[in-house]
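These notes concern the structure reproduced below.
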Amino acid sequence: MTQEEYIRSLFIQPDEALDHVQNSIERHGMPSISVSPESGKLLSMLVGIAGARDILEIGALGGYSGICLLRGLTADGHLTSLELKQEYADLAHENLKKAGLGDKVSYYVGEALDSLNRLEQEGKTFDFFFIDADKANYSSYMEKCIRLANRGAIIVGDNVLWSGRVYDESEQDEATQALRAFNEKMAQDKRLESLLIPIGDGLAVARVK
Ligand SMILES: C[S@@+](CC[C@H](N)C(=O)[O-])C[C@H]1O[C@@H](n2cnc3c(N)ncnc32)[C@H](O)[C@@H]1O
């Protein structure tokens, strides 16, 4: 048994809504790249621990992380989800509705950087951010998230271990280099208190001071 299988066998229960998301992603021929069940559970817990109300997600896919984020709410709250593709945002919304969370989410479709600029112009701020889209823009997304953050907000980035490629110096492709730069920024930015948690494909977690 691997470490991941051991953790999963103890801490992850069958979940009809999340299984439905995975099945729907396969049925629609979309990539199976939702967060891992462990990372999803940690997202729910972090939202709850932070007492977050306004949540921003970058990368919706089929709604798996959206459900996990909204499940963490301890009071009334809302998820703003940014997604490049209309058909993905539509499926995510359908899945959140099926999970009883459809009225708690708004989708912004298009390039996330454009949506982030729009949110800033609208004067929106957030308590919790989940970055899980194109890796090349991770550092830019983090900078935008800091600008949109309420004091004490949490910023989480997924895939920051990139299956181990970030610490393998022979890997020099664009996504790996972008994730390395993101991790270094997370670790060194004086506005943040942060750590990399080796769960799933790696979650970077920061608190905006
Ligand atoms: C890894 S998947 C997100 C998985 C999702 N967070 C989950 O765990 O359920 C990445 C998503 O980011 C979206 N995406 C990629 N590039 C984007 C961009 N430039 N702007 C907005 N969304 C983007 C993709 O269409 C895809 O749905």
Looking only at segment 117-134, count every residue that is within 19 Å of ILE154 (Cα to Cα) and either exposed (fewer than 13 other Cβ atoms within 10 Å of the Cβ) or of a type outside the set (Asp, Glu) (or both) and tell me the total. 10
With respect to GLU83, determine if the residue is more than 11 Å from the chain's Cα centre (by Cα), acidic (Asp, Glu) and closer than 20 Å to MET142 by Cβ. yes
Are any residues in segment 147-179 open to solvent by 70 Å² or more (accessible area, probe 1.4 Å) and assigned to a strand (DSSP E or B), and if so, which ones? ARG151
Search segment 130-144 for residues that are closer than 14 Å to LEU56 by Cβ and in contact (Cβ under 8 Å) with a residue 24 or more places away in the chain and pair each with any residue that is open to solvent by 40 Å² or more (accessible area, probe 1.4 Å) and in a helix (DSSP H, G or I) when their beta-carbon atoms are under 8 Å apart and the residues are at least 6 apart or on different chains. TYR141/LEU113; MET142/LYS185; LYS144/LEU113; LYS144/ASN117; LYS144/GLU120
Quick one: which of LEU101, LEU96 is farther than 14 Å from PHE126 by Cβ and crowded, with 24+ Cβ neighbours inside 10 Å? LEU96
Would you be able to tell me the number of residues in segment 67-111 that are outside any strand (DSSP E or B), of a type in the set (D, E, K, R) and near the ligand (Cβ under 9 Å from one of its atoms)? 2
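The values are calculated or read from the model by the stated rules, or taken from the named source; none is laboratory data. Here the structure is a predicted model, which is why all the values come from computation and not from measurement. Note that we place each Cβ from the backbone using ideal geometry, even for glycine, and neighbour counts take in every protein chain shown. Side chains are part of the model used for accessible areas, which takes the heavy atoms of the whole protein and leaves out ligands, DNA and RNA. Shrake-Rupley method; radii C 1.70, N 1.55, O 1.52, S 1.80 Å.
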